[in-house]
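Below you'll find the structure, written out as structure tokens, and then a few comments.
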Amino acid sequence: DRRALGAGMELKAFDIDNKMGSEALERLYSDLQGATQPMMGVTVPNVDGGFVASGMEALKAVGIVAKNKTSQGVRSHGFTIQKTLVKNVGVFLNRLLGCSLKEQKMLFDYFSSTLEAVVKEHKADGSFDDGIVQLKCEGITVAPGYPRHLHTDPLSGASTNVIKLLLDRAHAYPSALEIYSKTIDLHNEVPGRNTSSCGFWKSTYMENFLNTGKPRVLMATERFPPDGKRQRALDSQRWFTIRQPNIDGQPKSLLQLKDNWCKITDPQEAKALWTFWHGKFGTGMCTHAVGKCPNRGSQARCSHGARFSDQYIISGAVLPVWKQVQVAIKKELGGAGAKREGAGRVIRCETTDTNERLIGLGIPGNIVEVVAASIRESSAF
């Protein structure tokens, strides 16, 4: 394998050796074996002898495809792709270097086109994750008194700061409608997708939510199976991305929607309910039952279902303090807790009032002072 000589490092720079890349590679192999058809929008290279035959021959020449000898692989027409290679983008890129330039271009172009289609699919159903948290809110502003200085690197003179962001997590009705329209347009590009269950729904189990005399409302867009696979038949297997006037909610199945919600057929009713709740939660209220909020009577702000929340990030010269931040996070939250809280993930955003672009490491508000103290202590030595 060419990895031993460090080959393929330039290809790694494309940042395709990830979950999306693995999914695209698996689809490439599946298409070459005839198990699936190319995804919507994928360009099939026009080569002498046909793409499928030429692609299979190229993969056989570099040892990715072999004659069937065991059951441990994906079989097609007497040939097998080992399970350990089906999603291994690194091996694919390195073995690709053993092909002719023409074959390299043919396979990599198809892989790239399939990767674009995979990313488009995940963006359409709301499951896209590029490893960086992109904050997208109606309002993102820097809190008064921030940024706060934490550290100055003695070598470069660069400073490290902590920033408190004030987030308005809601979607006003025009914004929600725009998101819905774009999502439906993407789904409608794929033949056979039924989007009739997508839209605005009102609750039937909470018709007097928070003593307002009005039901809750949400917007649901279906998470369809990957392109080429049939839409699931059972309501319990059809899942929807949920957005609400105050926050984005947890995914729900069509069965859950039908059990507790009713599809709104009148656009004006949907607009009226959405606008009402968007304004109601604009007062800073949470979704606890009236009088049942555990934070009532205290100065602490409850963020349970609230439109407004805080996000802290360590920004500026992060590398000099990376170790201290990670140690403090692990000490305070543990490995599982850090993952659950999303601590240490890279967060980027653009403020809505000044259009300032910010990027940094996200940390929970309850350990900000611990992290800050850890950085200052290390700076003292």
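Read-outs: derived from the displayed coordinates by stated rules, not from any lab. Worth saying up front: this structure is predicted, and the values here are computed from it rather than measured. Note: ideal-geometry Cβ built from the backbone for every residue, glycine included; neighbour counts use all protein chains shown.
Working from label points 7 Å from Cα in the Cα-to-Cβ sense, the Lys105 to Thr141 distance is 5.5 nm. Counting only residues at least eight positions apart within a chain, or on another chain, the aspartates and glutamates with an alpha carbon under 17 Å from that of Lys136 are Asp125, Asp168, Glu178, Asp248, Asp310, Glu350, Asp353, Glu356. Extension gain, Ser236-Lys60: 0.36 nm per intervening residue step, less the Cα-Cα distance, totals 59.2 nm.
Fully extending the segment from Asp185 to Leu255 would add 22.8 nm, taking 0.36 nm per residue of separation and subtracting the current Cα-Cα distance. Pull out a ≥ b ≥ c, the square roots of the eigenvalues of the alpha-carbon gyration tensor of segment 109-224, then state rounded if a/c is under 1.5, prolate if not and a/b is larger than b/c, and oblate in the remaining case. It comes out oblate by the Cα gyration axes. Looking at segment 162-248, the chymotrypsin sites (Phe, Trp or Tyr not before Pro) that sit in a DSSP loop and have at most 15 other Cβ atoms within 10 Å of their own Cβ are Tyr205. Of the peptides 19-27, 265-273, 323-331, the order by per-residue mean of other Cβ atoms within 10 Å, starting with the highest, comes out as 19-27, 323-331, 265-273. Using 0.36 nm per residue and subtracting the Cα-Cα separation, the extra length available between Ser112 and Asn211 on full extension is 30.3 nm. Pairs Lys182/Lys202; Lys164/Lys331; Lys164/Lys323; Lys202/Lys252; Lys123/Lys280; Lys182/Lys271: which are spaced more than 25 Å apart, C-alpha to C-alpha? Table pairs above 25 Å Cα-Cα are Lys123/Lys280.
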